[in-house]
Amino acid sequence: MAEDLNIVSGSKEEKYISITAQIKALIDGEPDLTANLANIAAALKEQFGWFWVGFYLLKENASTDNFELVLGPFQGPVACTRIAKGRGVCGTSWATEKTIIVADVEKFPGHIACSSASKSEIVVPLFYNGSVVGVLDVDSEMLDQFDATDKAYLEAIVALIQH
Ligand code: SME
């Protein structure tokens, strides 16, 4: 497909329906995980204008033999590079294997503030063969920006990645 996005206005659901179809077309037939995650982050950022949207992927730390989340493709300001299991919203999503919505990051114990501008957040785990292999993290500069609609559509979008 052409690499131009059609950005729509309207309800949050209308935006997700439009961008999900375009993400499907963008990644269809492309086996490279990095390329697909990069385009998903860019498409979501362009449609929604969020402060930060991107991926952290599980990788083994050679010096500790532990797996940790390492920064992957993203759109937005520079961010923390490594997050341990159970730490912050991302590490908690990995540990619990669940999507986490945080209406006010200052009220989330252990929240990792990569930027003080971030006020609310949603983190969605990525699964492969039943195990968490990474997370999608979306941050907003406004409080209380994420709800069950974001959870449903973002979970469906990350499920498109079959690597
Ligand atoms: N706030 C996240 C860390 C990642 S950055 O916000 C991009 C957390 O608490 O896990």
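The values are calculated or read from the model by the stated rules, or taken from the named source; none is laboratory data. None of these values were measured; they are calculated from a predicted model. Accessible surface areas use protein heavy atoms only, side chains included; no ligands, DNA or RNA. Shrake-Rupley method; radii C 1.70, N 1.55, O 1.52, S 1.80 Å.
Applying a threshold of 19 Å to the alpha-carbon distances of Lys12/Lys45; Lys24/Lys45; Lys24/Lys98; Lys85/Lys151; Lys59/Lys119 flags Lys24/Lys98; Lys85/Lys151; Lys59/Lys119 as lying beyond it. Backbone phi angles across the stretch 35-50, fed through the Karplus curve with coefficients 6.51, -1.76 and 1.60 (θ = phi - 60°), yield HN-Hα couplings of 4, 5, 5, 5, 5, 5, 4, 5, 5, 5, 4, 5, 6, 9, x, 4 Hz in residue order; Gly and Pro are listed as x. Using the Cα coordinates of the stretch 91-147, the gyration tensor eigenvalues translate into equivalent-ellipsoid semi-axes of 22, 11, 9 Å, sorted from longest to shortest. Here's the list of aspartates and glutamates a cross-link from Lys107 could span, going by alpha-carbon distance under 17 Å and ignoring same-chain residues fewer than 8 apart: Glu121, Asp139, Glu141, Asp144, Asp147. In order along the stretch 56-63, phi translates into HN-Hα couplings of 10, 10, 5, 9, 7, 8, 4, 7 Hz, rounded to whole numbers, per the Karplus curve 6.51 cos²θ - 1.76 cosθ + 1.60 with θ = phi - 60° and x for Gly and Pro. Highest GNM mean-square fluctuation among Ser131, Ser120, Ser140, for the chain modelled with Cα contacts below 10 Å: Ser131.
Note down the relative contact order for the stretch 12-159 as a percent, whole number, built from C-alpha pairs under 8 angstrom at least six residues apart. The partial results should precede the final answer.
Details: 274 pairs, mean separation 30.6, N = 148.
Relative contact order, the stretch 12-159: 21 percent.
The phi torsions of the stretch 19-29, fed into the Karplus equation with coefficients 6.51, -1.76 and 1.60 and a -60° offset, translate into couplings of 6, 5, 5, 6, 5, 4, 5, 5, 9, 4, x Hz, rounded to whole numbers, with Gly and Pro shown as x.
Ordered from longest to shortest, the equivalent ellipsoid semi-axes for the stretch 12-159 are 22, 20, 14 Å, each the square root of 5 times a Cα gyration tensor eigenvalue.
Within the listed set Thr34, Thr149, Thr64, the Gaussian network model of the chain (springs between alpha-carbon atoms below 10 Å) gives the highest mean-square fluctuation for Thr64. In the context of the full set of protein chains, residues of the chain present 51 Å² of accessible surface per residue (probe radius 1.4 Å, heavy atoms only).
Entry note, the chain: the mean residue ellipticity at 222 nm calculated from DSSP H runs of n ≥ 4, each adding -39500 (n - 2.57), is -10000 deg cm²/dmol after division by the residues and rounding to the nearest 500.
Per residue, the average separation of C-alpha pairs within less than 8 Å and at least 6 apart gives the stretch 1-80 a relative contact order of 23 percent.
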